[in-house]
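To start, the structure under review is shown below, and the notes come after it.
Derivation of every value follows stated rules applied to the coordinates shown; laboratory data play no part. Every value quoted in this text rests on a predicted model; they were computed, and no experiment measured them. Don't worry about glycine lacking a Cβ; one is built from the backbone with ideal geometry, like all the others, and counts go over all protein chains shown.
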Amino acid sequence: MSTRNRVLFFVTGWLLVLMPFLFWWNTWFGRHLSDKQVTEYLQDNQHPRHIQHALIQMGERMSHHDTTVTRWYPELVDLATHSVEEVRNTDAWVLGQDTSGQGFHEALTKMLMDSSPVVRGNAALSLVRFGDASGRPQIVALLQSVKIAAPSAGRMVDADKPGTAIHQGGLIAKLQNYQQTVELRSPISGRIRNLFVQTGQAVPAGTEIASVDPATDQVWEALRALYLIGQVDDLPSITPYERDLPEVPDHIRQQAVLTDKAIRERANAASK
């Protein structure tokens, strides 16, 4: 091998290692940010993941009672209406880390009307920290399956299988509508429970295509919140998680039982 070819071979190999590392380094939320970087990232609307990175770092510092982060509190309130769903979702979690933050409670209350079910749920969970149970319906909704419907008429050309784990925004199915392909994506992370339409089948607009069960982490947080603010009307959404079934992890089942018990005890105490 000539010297030129050896150099090219070395450079190519080096780039194959370097490029994935640079991608990971720029997207990994665990990388520490300086105060200057936090300020820059919070204002980087061209890169929403930078905003998320800064928010997560702030949330961790707030959980350790780091008062130096208060300088960015006005930005946290503003981000509650950001155009990117993932940013609003992360912001809803961070706003719940300090119940003394000016404008935090009001921002979270408005987020209960967000277009995203995940943002609404996170806002409701954070409001519990404020002693505010106004987001209880949104928390109960976190325990329930999400239905995916066809936005327009078309023919099913591709679909995933029931039981498949899926991330928020993950592709569930595709519909062919004339010359256009419509992608149906999940609004939550979880697992595909049912698929009601077969590949090749024609469906009218509004047809229920699939249902998605919520992810374990989402269920866990909802059950913990309802332990504190749940009411008897919420029990039908809780009892399915009390069953000893393979798809229900032990810690979820145990929390569901505890939440059920706490709700019934509150109801009994209130009736006396």
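Values as computed for the structure displayed
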quantity	calculated
Per principal axis, descending, Cα span of the range 24-154 in whole Å	49, 39, 21
The range 150-191 and the range 118-136: distance between their alpha carbon centers, rounded to Å	29
Eligible aspartates and glutamates near K174 by straight Cα distance, threshold 17 Å, same-chain separation 8 or greater	D158, D160, E183, E208
Residues with amide H under 5 Å from that of A153, placed H, sequence gap 5 or more	A205
Förster radius 41 Å - calculated FRET efficiency between Q231 and R155, Cβ distance, rounded to 0.05	0.40
Local electrostatic count at V146 - Lys and Arg +1, Asp and Glu -1, tallied over other residues with Cβ under 10 Å	+1
Set of lysines with alpha-carbon distance to K261 below 26 Å, sequence-local pairs under 8 removed	K272
Extreme residue, positive dipole direction of the chain, given options A270, T39, Q254 (C-beta unit charges)	Q254
Relative contact order for the range 119-272, counting Cα pairs under 8 Å that sit 6 or more residues apart, in percent	23
